[in-house]
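Every number here is computed from the coordinates shown, using simple stated rules; none is lab data. Keep in mind the model is a prediction, meaning the values are calculated, not measured. Here the Cβ positions follow ideal geometry from the backbone for every residue, glycine too, while neighbour counts run over all protein chains shown.
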Amino acid sequence: MRRIAGRAIALLAVLGAALASASLAYNAWRDSNVSTIAVSRLSDLEEVFEVDASGLRLKNPEFLTVCFTGDYVHALEDAQAWFRADNTRFRRALRAAGGRADPFNGNQYASIVLLSHSSALILQLEWRGGLLLGNLGCASTAVGDIQIKRYQTNPTIKFYLPNATPKSPRGPGQPRATLCQEKMERLVESIDDLLGKQVLKDEFFWAAMRKYLPPTGCTADEVTSTLSKSRFLVEPRGDGAGQWMRLTNGQMGILFRLDKETGKIDEPQLITPDRSFS
């Protein structure tokens with residue numbers, strides 16, 4: 001019996017080592033499909049683009065789609081629609097980029113994302129360098145150069161993506177989303193993803209709230225209708241003009257106060273295992 005038990009333990013050790021090796025190999029392969037370039041000045045883009053006074057011309061014709069985004073994981077997910085003819089190969093690039101990427105990308109960055117069928121290149125623009133995105137969305141690289149706009153009164157440089165589709169495409173016949181709706185939709189998508197994956201790190205939830213929770217500019221109907229799409233929405237609590245809105249899986253979550261008359265959002269808080277709200 002001891003001999004059998006010993007063999008079983010040895011076999012488990014071998015299997016564990018094999019799984020660990022396979023995991024390392026997969027991670028190495030995954031990360032080889034996505035690369036990131038930090039961009040703090042215009043010249044940093046010359047590795048990828050031909051740069052002139054009026055625009056950026058892509059050097060590598062293998063990239064088929066360009067996305068302007070402040071949250072590049074969502075841009076990669078949205079861009080799947082561009083690759084339906086070869087979705088299997090493109091899915092690898094999505095998995096790769098999603099594996100390495102920080103879902104909230106920090107408040108100091110926006111990103112230009114280039115996509116081929118099998119790889120992704122993420123160019124992170126540091127706002128302190130005066131490099132800004134003039135619009136958000138995705139477009140085929142065939143539409144032309146990325147446009148550059150300079151200002152005489154300050155050193156800011158803005159990039160514009162011609163013919164960009166919205167980063168969160170809406171269904172046929174639906175009106176274009178307001179800025180409030182876009183941000184609230186991103187909040188719901190991000191929080192639902194974290195709650196569904198049972199993430200317990202406070203900073204991920206706070207990052208999502210900092211990035212997507214608009215303090216002003218919303219109507220109460222916009223907020224409540226968008227939150228209703230979350231599978232983690234809990235029955236609102238409150239009386240009078242104030243109402244507490246909660247997204248939670250019973251362990252982690254977020255809540256904030258919504259003014260039912262003005263649509264103002266304030267007092268964002270985090271629900272944690274040791275700080276629940278009834």
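Before moving on, here are some points about what is shown:
- From phi via Karplus (6.51, -1.76, 1.60), per-residue ³J(HN,Hα) for region 184-191 in Hz, x at Gly/Pro: 5, 4, 5, 4, 4, 4, 5, 5
- Residues whose amide H falls under 5 Å from that of residue 55, counting only those 5 or more places apart or on a different chain, are 148, with hydrogens built in the peptide plane.
- Mean projected area of the Cα convex hull of region 179-271, taken over all directions, amounts to 5.1 nm².
- Summing charges over neighbours of residue 232, with a neighbour being any other residue whose Cβ is under 14 Å away from its Cβ, gives 0 when K and R count +1 and D and E count -1.
- Euclidean distance of C-alpha centroids, region 38-52 and region 210-243, integer Å: 40 Å
- Residues with amide H under 5 Å from that of residue 65, placed H, sequence gap 5 or more: 115, 141
- In terms of other Cβ atoms within 10 Å, 270, 213 run from fewest to most in the order 270, 213.
- If you take all other residues with their beta carbon under 15 Å from the beta carbon of residue 156, and give Lys and Arg +1 and Asp and Glu -1, the sum is +4.
- Cross-linked pairs 158/211; 59/211; 197/229; 197/264: Cα-Cα separations exceed 23 Å for 59/211; 197/264.
- Under 5 Å from the amide H of residue 135 lie the amide H atoms of 161, each residue being 5 or more positions distant or on a separate chain, with H modelled from the backbone and absent for Pro and chain starts.
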